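For reference, the structure is listed below as structure tokens.
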Amino acid sequence: MIKVLLDSLRDLAPIIAVIAFFQIMVLQQPFPEPGKILIGLVCVVMGLALFVQGLNLSLFPVGEGLAEAFAKKGSVFWLIVFAFAWGFGTTVAEPALIAVAAEAAKVTALAGLIEDTETDKHTYATGLRYTVAVSVGLAIVVGVLRILKGWPIHWIIMSGYVAIVVLTQFAPREIIGVAYDSGGVTTSTITVPLVTALGIGLSSVIKGRNPMIDGFGLIAFASLFPIGFVLVYGMVV
């Protein structure tokens, strides 16, 4: 555990150095409430260390194990259902998406595009979250099919971005930024490790698949699909 803590501190060292340099050398001001900042820094280091340890002990093994079990079971139908549920569930629970959806609802209400009531803002934010969750579920399904069928990833990615460029021309301007950000916030702390574990586990057990070549790429789909789905969501809502 000490090694994990030291690794976390090392990972955070560059951003700590940047903040300290600009605060002391450029702004030439002391840190406000240094005691609280130090306590917060310790909490961040410990939190990051525990999170990484949790990934290694549970999430990665569970994801890889489930993928291998479904592949060995030989049922493509249940593997597809599992892939969709896996992508949907991890995305709904994604903290970054929850925060962005809530902020988007506030800004949309201030712009007068929806009623400025808690009910309408909650409905808008929930609709945005579930739209992204469905899109990620379908993205993982496509990624699993790519691993099973051996489809080239670059053609899928290029086709997806062409479709997004076309949709962007017709979508309301107010939703475009939210849509493009949705792809980024979706692939965050919960989604990335679980989806990566699924891809690696599946490609490891399927004959003729290479985990290094076929196991990665699902995150790209999970970033791509939400953009198009949120653009359509904006045109509909």
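Is it the case, given these coordinates, that ASP116 is open to solvent by 10 Å² or more (accessible area, probe 1.4 Å), in a helix (DSSP H, G or I) and without any contact (Cβ under 8 Å) to a residue 40 or more places away in the chain?
Working: open to solvent by 10 Å² or more (accessible area, probe 1.4 Å): yes; in a helix (DSSP H, G or I): no; without any contact (Cβ under 8 Å) to a residue 40 or more places away in the chain: yes.
So ASP116 fails the test.
Which numbered condition trips up LYS73, out of (1) of a type in the set (Lys, Arg); (2) out of contact with any helix residue (DSSP H, G or I) (no Cβ under 7 Å at 6 or more places or on another chain); (3) in contact (Cβ under 8 Å) with a residue 60 or more places away in the chain?
LYS73 satisfies all of (1) of a type in the set (Lys, Arg); (2) out of contact with any helix residue (DSSP H, G or I) (no Cβ under 7 Å at 6 or more places or on another chain); (3) in contact (Cβ under 8 Å) with a residue 60 or more places away in the chain except (3).
What helices (runs of 4 or more DSSP H) completely inside the range 1-107 contain at least 2 residues that are among the acidic types (Asp, Glu) and at negative phi? Working first, answer last.
Numbers: elements: 2-21, 34-54, 60-73, 76-92.
Where helices (runs of 4 or more DSSP H) fall fully within the range 1-107 and carry at least 2 residues being among the acidic types (Asp, Glu) and at negative phi, they are 2-21, 60-73.
I'd like the full set of residues that are over 23 Å from the mean Cα position of the chain (by Cα) and surrounded by 14 or more Cβ atoms within 10 Å (Cβ to Cβ), limited to the range 71-87. Give the derivation first.
Residues of the range 71-87 over 23 Å from the mean Cα position of the chain (by Cα): 71-78.
Correct list: ALA71 only.
For the range 34-49, which residues satisfy the criterion of being touching a residue at least 40 places away in the same chain (Cβ under 8 Å) and more than 22 Å from the chain's Cα centre (by Cα)?
The answer is MET46, and nothing else.
If you take the residues of the range 201-223 that are within 13 Å of the chain's Cα centre (by Cα) and crowded, with 23+ Cβ neighbours inside 10 Å, which of them is nearest to VAL162 (Cα to Cα)?
Going through the qualifying residues, I end up with PHE221.
Filter the range 11-24 for residues that are within 24 Å of the chain's Cα centre (by Cα) and open to solvent by 60 Å² or more (accessible area, probe 1.4 Å); which is nearest to GLY54 (Cα to Cα)?
Per the stated criteria, the residue is ASP11.
Wholly within the range 120-237, which helices (runs of 4 or more DSSP H) include no fewer than the required count, namely at least 2 residues that are closer than 30 Å to SER75 by Cβ?
The helices (runs of 4 or more DSSP H) meeting that bar are 153-170, 191-205, 211-214, 218-236.
Name the residue that is modelled with the lowest pLDDT, counting only residues in the range 182-195 that are surrounded by fewer than 21 Cβ atoms within 10 Å (Cβ to Cβ) and among the polar types (S, T, N, Q).
THR189
Keeping to the range 34-58, report how many residues are farther than 15 Å from ASP11 by Cβ and either among the acidic types (Asp, Glu) or open to solvent by less than 60 Å² (accessible area, probe 1.4 Å) (or both).
The qualifying residues number 4.
Can you run down the residue pairs with Cβ atoms below 9 Å, 6 or more apart or on separate chains, where the first is in the range 155-175 and closer than 14 Å to ALA139 by Cα and the partner is open to solvent by less than 40 Å² (accessible area, probe 1.4 Å) and among the charged types (D, E, K, R)?
Listed by first residue and then by second, the contacts come to ILE156/ARG146.
Would it be correct to say that VAL100 is open to solvent by 20 Å² or more (accessible area, probe 1.4 Å) and closer than 15 Å to PHE225 by Cβ?
Details: open to solvent by 20 Å² or more (accessible area, probe 1.4 Å): yes; closer than 15 Å to PHE225 by Cβ: no.
In short, no.
The values are calculated or read from the model by the stated rules, or taken from the named source; none is laboratory data. Note that this is a predicted model, so its numbers are computed, not measured. Neighbour counts are summed over all protein chains in view; Cβ atoms, including those assigned to glycine, are modelled from backbone coordinates with ideal geometry. Please note that ligands, DNA and RNA were not included when accessible areas were found on the heavy atoms of the full protein model with its side chains. Shrake-Rupley method; radii C 1.70, N 1.55, O 1.52, S 1.80 Å.
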